[in-house]
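Novice: Okay, handing you the structure first.
Laboratory data are not the source of any read-out in this text; all were calculated from the coordinates shown. Quick caveat: nothing in here was measured; it's all calculated off a predicted structure. Glycine also receives a Cβ, built like all others from the backbone with ideal geometry; neighbour counts cover every protein chain displayed.
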Amino acid sequence: MVSQPQKVQVVIVGAGLSGLRAATEIHAAGLSYVVLEAMDRVGGKILSVPSRDDGTALIDVGAAWINDTNQSEMYALAQKYGFELVKQRAEGLTLYQDAEGNVSVLPYGSPAKLTPEQQKEFDEVAHKVGEYVGRSNLENPHLGPDAAELDSLTIAQFAEKKFGGTLVARLFFTELAKGLVGTQPEEISALHLIDYIKSSGGLAIMMSDGKHGGQYLRNRQGQQQFAKNLAAELHPGTVKLSHPVKSIKQADDYILVSAANGTQFTADRVIVSIPTPLYPRIHFEPELPPAKKALGESNKLGCYSKTVFVFSSSWWRDAGLSGTVNSSGLITFSRDTAVPEDEQYSITCFHLGAPGLEWSKLQGQEKQDAVWREFQKMFSVVVDKVPEPIQVIQQDWTLEPWAWGAPSPFMVPGIMSGEPGQSIRDLVGRVHFIGSETALVWKGYMEGAVRSGVRGAQEVIEALV
């Protein structure tokens, strides 16, 4: 049943970090607003679940890390809300499983078992990638000196053309594509991957578990609490859950936004805060311009899912292990996600790219059993008897109807350097577009999400106030 439209000045579509951060700015400016969220919770791809029956000892099955230096917006929110931040443990031995299934024990930080010659080549590849990153144009990627060539190639073709397609180059770029956006090197544009790295300050920062790095600090209260606290700053009743937006129609002097449940709102401005591949799920009237439409139809989401094994003790630490594994198989990598202060002892396993998609096809107990077999195989190289977990938590983002995958959409060749890529932050009439993928800094991360939210809100405030 269609209701009479309610009038507000701003409708925000999506209650992830981007949308909620935009909403708090709109709220502070004194404008009237409503936030429409398709899911039955806030946070989007930030989800914290309890590892105990009493609802405590939270574990993040979505976005999990921030830092306290170059992620200034997220750190400021953490300070504002009084969150207890936990440094990512970065010590102990790492386990590496090669393509044949052989498991090796390596020093922490070693990405793979390499000969001295291979390590030298690996470092040279990383250095050359850094040169491409250094030359790229952060604000206008299509204007970079290598943009046209890079956007004509997938990362796999880039590895072949610029690095001879050697074993080391293929390993480097396969793990990079999977590790950053959950896809295979045959799918993503080389320009987009270079830009993605640039937005985070370079490969070393992006891949680091240490100070300034992308995986430095976890939140003892769970990262979803950022979204919950932002929502709590808004007027009661302004965040509408289970309200997927069906259409956005721009008239001469108002915009009509309709939810699938029949609820309608009229507004002066709309902020769309959903991943670009979900744009086609909303009926825009008039139709989106060709460039913006092509962006939504061509961008893709990767596979970035998790299995968390919770144990009664941190037995891997006692064995001198970091809890980190790297593999070309089902467990692409893992991290120690324990919080001893909460007596929460866990290792989180990530299922990325093609192996993750194969895992996603498994049903029920098969999913858990497949990961546990791989986990046992790797850790039993060092530990005689790997303890059974007391709980297993799994999150397959590819099956979430309002996510379709994780972490952030990626572009195929020909999009970023063309009009579709250039349109990513463009307004369409009085409709604004935000989201982590639209950010200039820390694209695809929580930091990028909140920065994009502030940017979108400022656009609206400048237009209305």
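Novice: DSSP loop (so not H, G, I, E, B), at most 15 other Cβ within 10 Å: list which GluC sites (Glu not before Pro) in the stretch 12-88 pass both filters.
Specialist: The qualifying sites are Glu84.
Novice: A further question on this structure: Pop out the ³J(HN,Hα) list for the stretch 343-356 in order, Karplus 6.51 cos²θ - 1.76 cosθ + 1.60 with θ = phi - 60°, rounded to Hz; leave Gly and Pro as x.
Specialist: My calculation for the stretch 343-356 gives 6, 10, 10, 9, 10, 9, 9, 10, 10, 10, x, 4, x, x Hz in order.
Novice: While we're looking at this one, here's another question. Out of all DSSP beta bridges with both ends in the stretch 214-336, state the antiparallel percent to the nearest 5.
Specialist: 75 percent
Novice: Hey, if you put +1 on the Cβ of every Lys and Arg and -1 on every Asp and Glu Cβ in the chain, which of Val35, Leu20, Leu153 ends up farthest toward the positive end of that dipole?
Specialist: Val35
Novice: On to the next question. Say the dipole of the stretch 122-189 comes from +1 at the beta carbon of Lys and Arg and -1 at that of Asp and Glu; which of Gly134, Val168, Val181 then lies farthest toward its positive end?
Specialist: Checked the options; the winner is Val168.
Novice: Give Lys300/Lys361; Lys120/Lys161; Lys198/Lys228 a once-over and call out the pairs whose C-alpha atoms are over 21 Å from each other.
Specialist: Pairs exceeding the cut-off: Lys198/Lys228.
Novice: Placing +1 on the Cβ of each Lys and Arg and -1 on the Cβ of each Asp and Glu in the chain, which of Gly353, Trp65, Thr94 has its Cα farthest towards the positive end of the resulting dipole?
Specialist: So the residue furthest toward the plus end is Trp65.
Novice: Can you pull a Stokes-Einstein diffusion coefficient for the stretch 333-381 at 25 °C (0.890 mPa s), Rh from Kirkwood over Cα pairs, as a whole number of µm²/s?
Specialist: 201 µm²/s
Novice: Compute the distance in nm between two label points, each set 7 Å from the Cα along the Cα-to-Cβ direction, one at Asp342 and one at Ala463.
Specialist: Here the answer is 4.0 nm between the modelled labels.
Novice: Excluding residues fewer than 8 places away in the same chain, name every one of the aspartates and glutamates whose C-alpha is closer than 19 Å to that of Lys80.
Specialist: Glu25, Asp68, Glu233, Glu447
Novice: Which FRET efficiency value, to the nearest 0.05, do you get for Glu287 and Ser3 by plugging their Cβ-Cβ distance into 1/(1 + (r/R0)^6) with R0 = 22 Å?
Specialist: The formula returns an efficiency of 0.30 here.
Novice: Between Arg52 and Gln79, 0.36 nm times their residue separation minus their Cα-Cα distance comes to what?
Specialist: This chain segment gains 7.1 nm when fully extended.
Novice: Can you give the helix-only mean residue ellipticity at 222 nm for the chain, where every DSSP H stretch with n ≥ 4 adds -39500 (n - 2.57) and the sum goes over all residues, rounded to the nearest 500 deg cm²/dmol?
Specialist: Value at 222 nm, helices only, nearest 500: -9500 deg cm²/dmol.
Novice: Here's another thing I want to ask about it. For the chain, give me the percentage of DSSP beta bridges that are antiparallel, rounded to the nearest 5 percent.
Specialist: 65 percent
Novice: Okay, next question. About the Cα centre, and with charges only on the beta carbon of Lys, Arg (+1) and Asp, Glu (-1), how big is the dipole of the chain? Nearest 20 debye, please.
Specialist: Dipole of the chain, to the nearest 20 debye: 480 debye.
Novice: Below 16 Å, Cα to Cα, which lysines can Lys211 reach? Residues fewer than 8 away in the same chain don't count.
Specialist: Lys87
Novice: With r as the distance between the Cβ atoms of Asp40 and Gln119 and R0 = 51 Å, compute the FRET efficiency 1/(1 + (r/R0)^6) and round to 0.05.
Specialist: Rounded to the nearest 0.05, the efficiency is 0.60.
Novice: Can you list the aspartates and glutamates whose alpha carbon is less than 12 Å from that of Lys45, not counting same-chain residues fewer than 8 positions off?
Specialist: Hits, sequence-local ones excluded: Asp60, Asp396, Glu400.
Novice: May I ask you to sort Asp342, Asp336, Asp318 by Cβ crowding, counting other Cβ atoms within 10 Å and putting the fewest first?
Specialist: Fewest-to-most ranking of Asp342, Asp336, Asp318: Asp318, Asp342, Asp336.
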